[in-house]
Amino acid sequence: MQMKIYDSVKKEKVPFIPIKEKEATIYVCGPTVYDDAHLGHARSALSFDLLTRTLRALGYRTTMAKNFTDIDDKIIKKMSQTGMDLRELTQMYIDKYLSEMDALNVQRADIEPKATESLDAIESMISKLLESGCAYKISNGDIYFDTSKDSSYGSISHLNRDENENISRVCHADEKRDPKDFALWKACSGENDVCFNTSLGEGRPGWHIECSAMIEKHFEGDEKYTIDIHGGGADLLFPHHENEAAQTRCSTGHEIAKYWMHNGFVQIDGEKMSKSLGNSFFLKDALSIYPGELLRFYLISVHYRNDFNFNEVDLLSAKKRLDKLYRLKMRVMPTKASCVNKEFKNSLLGAMTDDLNSSKALSVVDTMISESNEKLDNEPKNKALKKEIAANIEFVDTLLGFGSSEPYEWFQYGISNEERVKIEQLIEERNLAKKEKNYSKADEIRDELSKMGVSLMDTAEGTKWEKRDSI
Ligand SMILES: [Zn+2]
């Protein structure tokens, strides 16, 4: 099956033909670690997680790198606000980011470079740019990239350079040769700055250079491109990706990436938010109320290139949709999976290879669920059927990253330990009453549990329970 992706530079859907056959190298711009991750970070991580999962399902050996920007103006500001040192502060936010992405079942990147640990590569790239005359140093020690030396500058974002308003017009403008030029290296600006001693002078790297340098450091590529796919949020197209491309082009003579992919924005729909989540944009707040698996399911229900209007009304509808998968899983438990249904596999992969059409993929899953339920209604004891359905659900988990929870636990989400102990105690009492043939007592306990919103299911593996509307 041919993978097709929308290349945001070519502005069209194109077949993915990697530099090396059956290998895919991907770099995604990661977070600047000065604060908690928000829903936009989650959306970006999920979009490229779907990309690697799909490529892996197609048999590509995939290497994904995602960086952490751990030196930046905002980080320095936060250090002075909190009194924390650079390492302590950035590591805290990196750990938080990773654990929140784990909760969303985002597979970890194979390479997670940090700017402060890539100074050798950054220094070497800036030196090359200085040597070739594509960069210049001004009197305070700052080093700028000279955009006039790159005839292809603008080819990534297609923006008319003169019309652009995002251009940095910082101080020393008199020494900056062109407003479009950007800082590769910022000279140490005083006591409160964080500086590194390098051959470029005391200072710290600009933001754009780190990605170009890290990509060169970790990937080989060929004579034309360093990596296959460069990804990130749509807001990074200009100036960040334009600048990344220019730096690599001018220091190595080849293009940074063969394909570019950008995910859309996330907006909060204030009108449809409940009191529980308010208008918080932080992922940690959403994760304190909802299962990560549900947030994942909800966030991938919209195609990655479209903007996402986050609201709790749609989130709860997504919960009902995901519940159906767990109802089906309950029906086939505890069957061992056999082989995934070929037609289903092809439909699901077909949707995802079409530029990661996850919204279509979810509707393929919906159809599989309703057809499976129908077949099970007709043949409730068909073991081969149950095994195939179990395999289909496993394939959903592999490709889309949800459906691996234990179904009964899924329907118990959000219950406090205290409540759980009480429920399980009552179930034990009921089982004892049944054993003693005290059916009226057993029924009484069932009613009591029902009032607590707990439904019981007596199965071959014992009594199972779930909490109605646990969210
Ligand atoms: Zn970047």
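Each reported figure results from applying straightforward, stated rules to the coordinates on display, with no laboratory input. On a predicted model such as this, the values are computed, not experimentally measured, just so you know. Positions of Cβ are backbone-derived with ideal geometry, glycine not excepted, and every protein chain shown enters the neighbour counts.
Give me the angle, in degrees from 0 to 90, between the Cα long axis of helix 86-103 and the longest principal axis of the Cα atoms of the chain, rounded to the nearest 10.
The answer is roughly 40 degrees.
For the range 375-384, what does the Karplus curve 6.51 cos²θ - 1.76 cosθ + 1.60, with θ = phi - 60°, yield as ³J(HN,Hα) per residue in whole Hz, taken in order and with x for Gly and Pro?
4, 5, 4, 6, 10, x, 9, 6, 5, 4
At 0.36 nm per residue, minus the direct Cα-Cα distance, what do Asp443 and Ser363 gain on full extension? Give it in nm, one decimal, please.
This chain segment gains 24.8 nm when fully extended.
Which residues among the range 408-438 fall inside the zone where the amide N is under 13 Å from a point 7 Å beyond the Cα of Met452, along Cα→Cβ?
Within reach of a label on Met452, which here means backbone N under 13 Å from a point 7 Å along Cα→Cβ, the range 408-438 contributes 415-431.
For the range 4-264, what does the alpha-carbon gyration tensor say about shape, rounded, prolate or oblate, given a ≥ b ≥ c as the root eigenvalues, a/c under 1.5 as rounded, and a/b over b/c as prolate?
Verdict is oblate for the range 4-264.
Would you calculate a helix-derived [θ] at 222 nm for the chain, using -39,500 (n - 2.57) for each DSSP H run of n ≥ 4 and dividing by the full residue count, to the nearest 500?
Value at 222 nm, helices only: -14000 deg cm²/dmol.
If you average the C-alpha positions of the range 355-424 and of the range 315-339 separately, how far apart do those two centres end up, in angstrom?
With the range 355-424 and the range 315-339 each reduced to a Cα centre, they are spaced 2 Å.
Just want the answer: with Cβ charges of +1 for Lys and Arg and -1 for Asp and Glu, which residue in Val9, Gly350, Phe48 is farthest toward the dipole's positive end in the chain?
The residue sitting most towards the positive pole is Gly350.
Along the charge dipole of the chain, pointing to its positive end and built from +1/-1 on Cβ of Lys, Arg, Asp and Glu, which listed residue (Leu200, Ile75, Ala384) has its Cα farthest out?
The residue sitting farthest along the positive end of the dipole is Ala384.
His38's amide H: which non-local residues (gap 5+, or another chain) put their own amide H closer than 5 Å, with H modeled 1.01 Å from N in plane and none for Pro or chain starts?
Amide H to amide H, under 5 Å and 5 or more residues apart or across chains, His38 pairs with Leu283.
May I ask which of Lys342/Lys467; Lys381/Lys422; Lys360/Lys387 have a Cα-Cα span longer than 32 Å here?
Pairs exceeding 32 Å: Lys342/Lys467; Lys381/Lys422.
Can you list residues whose amide H is under 5 Å from Gly233's amide H, if they're 5+ apart or on another chain and H is modeled 1.01 Å from N?
Asn263
In terms of the Cα gyration tensor, with a ≥ b ≥ c the square roots of its eigenvalues, is the chain rounded because a/c is under 1.5, prolate because a/b exceeds b/c, or oblate?
Because a/c hits 1.5 or more and a/b exceeds b/c, the chain counts as prolate.
Taking the Cα centre of the range 69-124 as origin, sum charge times position over the Cβ atoms of Lys and Arg (+1) and Asp and Glu (-1), and report the length of that vector in debye to the nearest 20.
Roughly 280 debye for the range 69-124.
Cα axis of helix 119-131 to longest principal axis of the chain: angle in degrees, 0 to 90, nearest 10?
So the helix axis and the longest Cα principal axis differ by about 40 degrees.
Calculate the dipole size of the range 4-264 relative to its Cα centre from +1 charges on Lys and Arg beta carbons and -1 charges on Asp and Glu beta carbons; express the result in debye to the nearest 20.
780 debye
Just to check I understand the Karplus step: with θ = phi - 60° and J = 6.51 cos²θ - 1.76 cosθ + 1.60, what whole-Hz values come out for the range 412-428, glycine and proline as x?
So the Karplus estimates, Gly and Pro as x, are 10, 4, x, 7, 6, 4, 4, 5, 4, 4, 4, 4, 5, 5, 5, 5, 4 Hz.
Extension gain Ile17-Glu191, at 0.36 nm per residue separation less the Cα-Cα distance, in nm?
Length gained between Ile17 and Glu191: 57.6 nm.
Long-range amide H contacts for Phe411: which residues qualify at under 5 Å (H placed 1.01 Å from N, peptide plane, sequence gap of 5 or more or a different chain)?
Under 5 Å from the amide H of Phe411: no residue qualifies.
Project the alpha carbons of the range 417-467 onto their principal axes and report the range along each, largest first, in whole Å.
Cα extents, longest axis first: 29, 22, 15 Å.
Give the shape of the range 57-134 as rounded, prolate or oblate, defined through the alpha-carbon gyration tensor: a ≥ b ≥ c are the square roots of its eigenvalues, a/c under 1.5 means rounded, and otherwise the shape is prolate if a/b is larger than b/c and oblate if not.
Because a/c hits 1.5 or more and a/b fails to exceed b/c, the range 57-134 counts as oblate.
If I take every Cα pair under 8 Å that is 6 or more residues apart in the range 4-264, average their sequence separation and divide by the length, what percent do I get for the relative contact order?
23 percent
In whole Hz and in residue order, list the ³J(HN,Hα) couplings for the range 68-83 that follow from phi through the Karplus curve 6.51 cos²θ - 1.76 cosθ + 1.60, θ = phi - 60°; x for Gly and Pro.
10, 7, 10, 8, 5, 3, 5, 5, 5, 4, 5, 4, 6, 6, 9, x
Please determine, in degrees from 0 to 90 and to the nearest 10, the orientation of helix 207-218 with respect to the longest principal axis defined by the Cα atoms of the chain, where the helix direction is its Cα long axis.
80 degrees
If you place +1 on the Cβ of every Lys and Arg and -1 on the Cβ of every Asp and Glu, how big does the dipole about the Cα centre of the chain come out, in debye to the nearest 20?
The calculated dipole for the chain is roughly 1760 debye.
Could you work out how much longer the chain between Asp95 and Tyr413 gets when fully extended? Use 0.36 nm per residue separation minus the Cα distance between them, nm to one decimal.
112.0 nm
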